[in-house]
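Colleague: Before we start, here is the structure in question, set down as structure tokens.
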Amino acid sequence: MVSKYHEELRNEDLSLPFTPMVVIELVSSTKEEAIQWLVKKIRDKKEQGGADLKVTAVSRGQELLDNSSPNLLLVGASKKRLLLGAEETGLVKECKDGSMRAFTCSNRGSFKMLADDGCLFSIAECQYIVKHALDSLRARQEAMVPGYPLIRLYPGKSVLQRLEARGLLTQVFPLHNKDDLKKLAECWYGKLKPTFQPLDDIRHYFGEEIAMYFAFLQYFTLALFPKALVGLLYYLFAWEDYDKYVIFATLNLVWSTVFLEVWKRYSATLAYKWGTLSRQLEFEEPRPAFHGVLGRNPVTGRTEPVYSNVQRSLKIYLVSVPFVLFSLYVSLCIMMVYFEMEFWMQSYSSRRPSPWSGLLLYVPGIAYATVIEIMNRINRFAAEVLTEWENHALESSYQNHFIVKVLVFNFLNCFSSLFYIAFVMQDLKLLRQSLATLLITTQIVSQVIEAFLPYWLQTRNRQRIHKKRRDLPAYRRAPWLEQVELERSMLAYTGTFDDYQELFLLFGYVSFFSCVFPLAAFFAVLNNVTEMYTDAFKMCKDFKRPFLEPAANIGVWQLAFETMSVVALITNCALIGMSPPVRLAYRDAEADLILLVVAVEHALLALKFVLCLVIPDVPREIQTKLARMDFEKLQALKQQRLQQARESLELNGG
């Protein structure tokens with residue numbers, strides 16, 4: 001059920017009676033009675049309100065590398081508990097006949113074993129089951145946390161969420177698997193070779209959400225290759241010929257629509273293969289940070305915090321929205337300062353032409369791109385603070401409001417100057433220069449912030465841990481202790497938001513105005529290839545291992561990209577209408593040209609939506625398999641009810 005690497009831990013100097021999969025970190029000042037209560041709660045059977053897991057406590061200063069270390073609980077599970085947990089969580093696994101079915105303990109012999117170690121579940125799935133069991137810990141008769149009379153508990157409320165909200169629980173994280181991680185790293189980024197990414201291996205180790213991101217990154221990169229090739233040819237033969245950019249703008253129109261439609265079908269195929277397409281969603285619990293007056297949840301009947309929707313709406317419309325508008329105003333002011341710098345530099349270069357003055361023309365764009373990246377980071381922090389202050393009850397609601405704020409901020413920051421140059425100034429040469437500068441500078445700055453900075457911080461942290469370990473007595477140098485100490489101080493992986501956001505902005509650059517800078521797709525391909533390796537490296541070396549998160553698609557980002565494709569269609573239609581050949585043909589009928597562009601744009605939008613309706617998001621073969629799964633579920637439920645009816649009749653003497 002677990003990999004051979006974990007079995008080796010039992011034979012170390014400080015042996016453990018079970019396989020540690022998950023670490024719970026409590027603050028160093030946690031009282032002993034609270035730790036003992038939580039340990040007992042985790043060990044107790046489910047019938048007694050526990051999680052039925054294996055756990056051992058490592059107290060502060062007992063075995064860790066310094067006396068200021070927190071209290072740690074190492075948590076694992078028995079084989080039986082993992083089997084029951086897999087059925088509880090609704091894991092969908094591949095059967096020996098190749099079909100996908102929800103796992104059941106009664107039919108476990110019909111499911112295919114993993115090829116690597118002959119187990120039913122990957123370590124990531126085992127850790128997910130343990131995390132689900134921990135999250136299911138509920139208060140029963142306890143009125144408070146032992147030793148903390150002010151931390152009250154309420155029947156049915158999550159224990160870990162309560163401890164986290166009151167500052168006793170610092171973090172819960174799964175442990176890395178050194179052997180599996182080494183194998184994954186070798187086939188993922190260990191060799192520089194132009195091959196597909198090991199998506200199945202990524203999914204087995206990190207889960208579907210992260211694997212889906214890398215699948216999208218790979219698909220996006222491959223989809224850019226035709227545009228990159230055309231862009232290179234365009235650069236070689238028609239660089240300064242703006243009369244011919246109509247061809248590239250037309251290519252953008254087709255590409256931005258086909259790209260997303262094909263991706264939806266490909267992601268559905270992956271989701272079915274990974275068992276997440278037909279997976280049932282669980283009831284969403286309130287966020288740990290959610291607060292309010294105590295009331296009764298009308299759905300669950302539990303006593304939990306309740307917050308007025310009116311009060312939340314007032315916060316959104318009277319504070320958050322005005323702040324967003326003010327931030328957009330600041331962005332526009334910065335944009336106008338950039339234009340002033342650009343005009344001054346052009347004037348200086350024309351008065352004193354030289355190689356140096358030619359290079360100085362790019363300084364305003366580089367400075368503006370750097371400021372944009374800084375503003376994006378500041379706006380992200382502001383959006384996080386505002387969304388937290390709005391006090392959303394559910395994580396999905398929190399994420400939706402947070403993403404909308406960030407995307408509005410970043411869209412205007414990154415694209416407002418380009419739209420102004422294209423449609424107000426109508427300066428195609430400056431548009432090309434600005435797009436090239438923004439695209440390349442943003443890529444360089446983001447790589448430094450996202451890849452090299454975490455690597456530098458983690459290298460320093462690793463050196464600190466090794467130095468402390470050398471100073472310890474030999475009997476306290478158990479390798480698993482060093483691993484726990486190292487991983488708990490690693491940077492936490494905050495999710496795929498920043499990675500998708502980078503691709504979202506890149507999609508805008510290559511689909512909006514790349515007709516005037518044909519090499520945009522080429523630089524985007526270079527960025528994505530680099531991103532594959534740097535993201536893979538930081539996932540394996542720089543961050544804590546994240547818990548598996550089931551994902552059937554890219555979520556709200558699908559809608560974000562589709563919105564961008566609509567904007568791209570409108571933008572490219574307008575650029576075609578502004579092209580010299582078209583304007584020459586309608587030089588005496590500008591009103592007719594505008595009406596024609598609007599009519600064509602509306603017709604293409606209608607065609608786009610028709611294609612979205614006609615082309616199914618899920619391939620027909622997958623639809624058939626899903627229908628068969630639903631039929632088998634109904635048949636099994638019918639048989640179960642018939643069996644219960646027979647037993648009831650026999651009991652009543654019928």
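The values are calculated or read from the model by the stated rules, or taken from the named source; none is laboratory data. On a predicted model such as this, the values are computed, not experimentally measured, just so you know. Using ideal geometry, Cβ is built from the backbone for each residue, glycine included, and neighbour counts are taken over all protein chains shown. Note: areas computed on protein heavy atoms with side chains; ligands, DNA, RNA excluded. Shrake-Rupley method; radii C 1.70, N 1.55, O 1.52, S 1.80 Å.
Colleague: Taking Cα extents along the principal axes in Å straight from the coordinates, which label in (i) 86, 48, 47; (ii) 87, 66, 46; (iii) 93, 71, 55 is the correct one?
Modeller: (iii)
Colleague: Ok, one more. Per residue of the range 369-375, what does 6.51 cos²θ - 1.76 cosθ + 1.60 with θ = phi - 60° give for ³J(HN,Hα)? Whole Hz please, x for Gly and Pro, Karplus curve as stated.
Modeller: Per residue, the Karplus-derived 3J(HN,Hα) values read 5, 5, 5, 4, 4, 5, 4 Hz.
Colleague: What is the calculated FRET efficiency for Thr269 to Trp344, with r their C-beta to C-beta distance and R₀ = 45 Å, to the nearest 0.05?
Modeller: 0.25
Colleague: Same structure again: Estimate the FRET efficiency between Arg460 and Ala492 by the formula 1/(1 + (r/R0)^6), using the beta-carbon distance for r and 22 Å for R0, to the nearest 0.05.
Modeller: Computed FRET efficiency for Arg460 and Ala492: 0.85.
Colleague: Under 15 Å from the Cβ of Tyr509, count the other residues' Cβ atoms, weight Lys and Arg +1, Asp and Glu -1, and hand me the total.
Modeller: -1
Colleague: Then there is this: Taking H placed 1.01 Å from N in the peptide plane, check which residues at least 5 places from Tyr493 or on another chain put their amide H under 5 Å from its amide H.
Modeller: Under 5 Å from the amide H of Tyr493: Lys544.
Colleague: What angle, in degrees between 0 and 90 and rounded to the nearest 10, separates the Cα long axis of helix 497-512 from the longest principal axis of the Cα atoms of the chain?
Modeller: Roughly 20 degrees between the two axes.
Colleague: Hey, another quick one. What net charge is computed for the residues neighbouring Ile210, neighbours being all others with C-beta under 10 Å from the C-beta of Ile210, Lys and Arg scored +1, Asp and Glu -1?
Modeller: Surrounding charge for Ile210 is -4.
Colleague: Moving on. Relative to the longest principal Cα axis of the chain, at what angle does helix 520-541 sit, 0 to 90 degrees, rounded to 10?
Modeller: 20 degrees
Colleague: So, one more: Expressed as a whole percentage, what fraction of the accessible surface of the range 501-559 belongs to carbon and sulfur atoms when a 1.4 Å probe is rolled over the protein heavy atoms?
Modeller: Using a 1.4 Å probe with all protein chains present, the range 501-559 comes out at 71 percent carbon and sulfur.
Colleague: Can you give the Kirkwood hydrodynamic radius of the range 538-614 from its Cα pairs, in Å with one decimal?
Modeller: 16.0 Å
Colleague: Run the quick spin-label model on Lys80 and Val408: label points 7 Å from Cα toward the beta carbon, then report their separation in nm to one decimal.
Modeller: It is 5.5 nm.
Colleague: Please work out how much length the chain gains when fully extended from Leu325 to Glu384, using 0.36 nm per residue of separation minus the C-alpha to C-alpha distance, in nm with one decimal.
Modeller: The span from Leu325 to Glu384 would gain 19.6 nm if fully extended.
Colleague: I've got another one for you. Assign one of three labels to the range 98-208, namely rounded, prolate or oblate, based on the Cα gyration tensor with a ≥ b ≥ c the square roots of its eigenvalues; rounded applies when a/c is under 1.5, prolate when it is not and a/b is larger than b/c, and oblate otherwise.
Modeller: It comes out oblate by the Cα gyration axes.
Colleague: Same structure, new question: Expected output is a single nm value to one decimal: the length gained when fully extending between Ser354 and Ala591, i.e. 0.36 nm times separation in residues minus the C-alpha distance. What is it?
Modeller: 81.0 nm
Colleague: Provide the gained length on full extension for the span Val258 to Val610, in nm with one decimal, where the gain is 0.36 nm per separating residue minus the Cα-Cα distance.
Modeller: So the chain would gain 125.5 nm between Val258 and Val610.
Colleague: Quick one: if the Förster radius is 51 Å, what FRET efficiency do Glu33 and Ile374 give, using the C-beta to C-beta distance and rounding to 0.05?
Modeller: My answer for the efficiency is 0.60.
Colleague: Using amide H atoms built in the peptide plane, which far-off residues or other-chain residues are under 5 Å from Thr19 H to H?
Modeller: Hits under the 5 Å cutoff: Ala77.
Colleague: Over the chain, calculate the relative contact order: mean separation of alpha carbon pairs under 8 Å at least 6 apart, over the residue count, as a percent.
Modeller: Worked out over the chain, it gives 19 percent.
Colleague: How much accessible area per residue does the chain have, in Å², with a 1.4 Å probe?
Modeller: 49 Å²
Colleague: Determine the order of Glu32, Glu261 by accessible area, beginning with the largest, at a probe radius of 1.4 Å.
Modeller: Largest accessible area first, the residues go Glu32, Glu261.
Colleague: While we're looking at this one, here's another question. Report, by chain and number, residues whose modeled amide H sits under 5 Å from the one on Val92, excluding near sequence neighbours (fewer than 5 apart, same chain).
Modeller: Placed amide hydrogens put Phe103 under 5 Å from Val92.
Colleague: Another question, then. Treat every Asp and Glu Cβ in the range 564-627 as -1 and every Lys and Arg Cβ as +1, leave all other atoms uncharged, and give the resulting dipole magnitude about the Cα centre to the nearest 20 debye.
Modeller: With only Lys, Arg, Asp and Glu charged at Cβ, the dipole is about 220 debye.
Colleague: Over 30 Å between Cα atoms, which of Lys54/Lys638; Lys45/Lys96; Lys79/Lys544; Lys31/Lys157; Lys40/Lys538; Lys46/Lys183 qualify?
Modeller: Beyond 30 Å: Lys54/Lys638; Lys45/Lys96; Lys40/Lys538; Lys46/Lys183.
Colleague: Could you work out how far apart the two model spin labels at Ser99 and Ser313 are, taking each label as a point 7 Å from the Cα in the direction of the beta carbon, and quote it in nm?
Modeller: 4.8 nm
Colleague: Roughly what % of DSSP beta bridges within the chain run antiparallel, to the nearest 5?
Modeller: 95 percent
Colleague: Also, I was wondering about something else. Rounded if a/c is under 1.5, else prolate if a/b beats b/c, else oblate: with a ≥ b ≥ c from the C-alpha gyration tensor eigenvalues square-rooted, which is the range 493-581?
Modeller: Note, shape of the range 493-581 comes out oblate.
Colleague: Ignoring everything but the protein chains, give the 1.4 Å probe accessible area of Phe419 in square angstrom, nearest 10.
Modeller: Near enough 50 Å² of accessible area.
Colleague: Angle, helix 395-420 long axis vs. longest principal axis of the chain, Cα atoms, 0 to 90°, nearest 10?
Modeller: 20 degrees
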